[in-house]
Structures are given as structure tokens and as C-alpha cells.
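Some notes on the structure that comes next.
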Amino acid sequence: MVRPLSSILLKICSFAFLGLAACQKAHPQWVRPAALPQDSAVQVYTNHEPASEYTESYRQQTRSGDDLEQIIVETIATAQTSVDIAVQELRLPKIAQALSDRVQSGSRFA
């Protein structure tokens with residue numbers, strides 16, 4: 001029995017397609033883990049926390065971790081009596097502005 005050439009080509013193309021599709025890398029779906037429980041008296045934040053992500057305000061890039069700058073700004077803004085700070089270098093303008101605002105409002109700095 002002689003098969004038409006188009007039938008043979010169709011089978012060859014089908015096998016080639018299936019072979020190429022089977023060789024493709026699988027792209028697993030990454031699921032963020034749940035945040036670990038924390039003591040209510042101690043809060044820990046990291047810049048590589050896999051359970052959270054944020055968008056940088058300067059470059060608009062999404063990153064894993066906690067938005068440390070925003071957390072520090074919010075903490076400074078809610079200080080009621082004083083702000084104790086120890087830094088070697090400060091390059092984040094939002095933190096500098098938050099510190100300046102607290103000075104204007106009469107908070108004490110140490």
C-alpha cells in the first residue's frame with residue numbers, strides 16, 4: 001500500500017512538533033510563602049522577605065521583601081516623644097524629610 005506524500009509529511013511534522021514541545025522547559029508557578037508569625041512586641045522586617053513584595057518608589061521596580069524605607073518613614077512619623085537613630089550614611093530622601101518633619105513638630109532626637 002502506497003501512502004500519499006502529504007500524509008507522510010503530516011505525520012513527520014506532527015512527531016517533530018510533539019518532540020519539540022516535550023523538550024521545552026517547564027515554567028513552574030512560584031507561590032509566595034505565608035509570613036512567619038511574629039511576637040507582638042518585636043517586629044522584624046527584611047529586604048529579602050519572600051512572603052512579601054513592594055514596588056520601589058524611585059525606579060518603579062517590584063521587589064521581594066519589605067519596603068524598609070516606607071516602614072522607617074511611617075515609624076518616624078508616628079513617634080510621639082523622641083526618635084533615636086544611629087546611621088553612618090543617609091541617602092534616602094523620604095527618611096530625611098520625615099526626620100525633618102519630626103524636628104519641626106518638636107520631637108526630640110538622640
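The number of residues in segment 33-55 being in a loop (DSSP other than H, G, I, E, B) and within 9 Å of the chain's Cα centre (by Cα) comes to 6.
Yes/no matrix, rows are residues, columns are (1) out of contact with any Cys (no Cβ under 9 Å at 6 or more places or on another chain); (2) part of a loop (DSSP other than H, G, I, E, B); (3) touching a residue at least 24 places away in the same chain (Cβ under 8 Å); (4) closer than 17 Å to Q43 by Cα:
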residue: D66; (1), (2), (3), (4): yes, yes, no, yes
residue: I71; (1), (2), (3), (4): yes, no, yes, yes
residue: T75; (1), (2), (3), (4): yes, no, no, yes
residue: R91; (1), (2), (3), (4): yes, yes, no, no
residue: K94; (1), (2), (3), (4): yes, no, yes, no
residue: G106; (1), (2), (3), (4): yes, yes, no, no
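Of all residues in segment 87-110, those being in contact with a helix residue (DSSP H, G or I) (Cβ under 7 Å, 6 or more places away or on another chain) and among the β-branched types (V, I, T) number 1. Within segment 77-86, track down each residue that is part of a loop (DSSP other than H, G, I, E, B) and touching a helix residue (DSSP H, G or I) at 6+ places or on another chain (Cβ under 9 Å). Of everything in segment 77-86, those that are part of a loop (DSSP other than H, G, I, E, B) and touching a helix residue (DSSP H, G or I) at 6+ places or on another chain (Cβ under 9 Å) turn out to be A79, I85.
Checked against the criteria, R59 does not count as in contact with a Pro (Cβ under 9 Å, 6 or more places away or on another chain) and part of a loop (DSSP other than H, G, I, E, B).
For residues that are of a type in the set (S, T, Y) and out of contact with any strand residue (DSSP E or B) (no Cβ under 9 Å at 6 or more places or on another chain), scanning just segment 89-107, find the one that is nearest to E56 (Cα to Cα). Before you say what the answer is, go through the steps one by one.
Within segment 89-107, the first condition is being of a type in the set (S, T, Y), and the residues that meet it are 100, 105, 107.
Cutting the leftovers down to out of contact with any strand residue (DSSP E or B) (no Cβ under 9 Å at 6 or more places or on another chain) gives us 100, 105.
Values: S100: 22, S105: 28 Å.
Residue satisfying both the conditions and the ranking: S100.
Mind listing just one residue for me: the one in segment 20-32 that is in a loop (DSSP other than H, G, I, E, B) and loosely packed, with under 10 Cβ neighbours inside 10 Å and, of those, modelled with the lowest pLDDT? Quick ask: steps written out before the conclusion?
If we filter segment 20-32 for residues that are in a loop (DSSP other than H, G, I, E, B), which is where we start, we get 24-32.
If we keep only those that are loosely packed, with under 10 Cβ neighbours inside 10 Å too, we end up with 24-31.
On the way: Q24: 58, K25: 63, A26: 63, H27: 65, P28: 70, Q29: 75, W30: 71, V31: 78.
Among them, the one singled out is Q24.
The values are calculated or read from the model by the stated rules, or taken from the named source; none is laboratory data. Since the structure is predicted, the reported quantities are computational estimates derived from the model, not experimental observations. Virtual Cβ from ideal backbone geometry, glycine too; neighbours counted across all protein chains shown.
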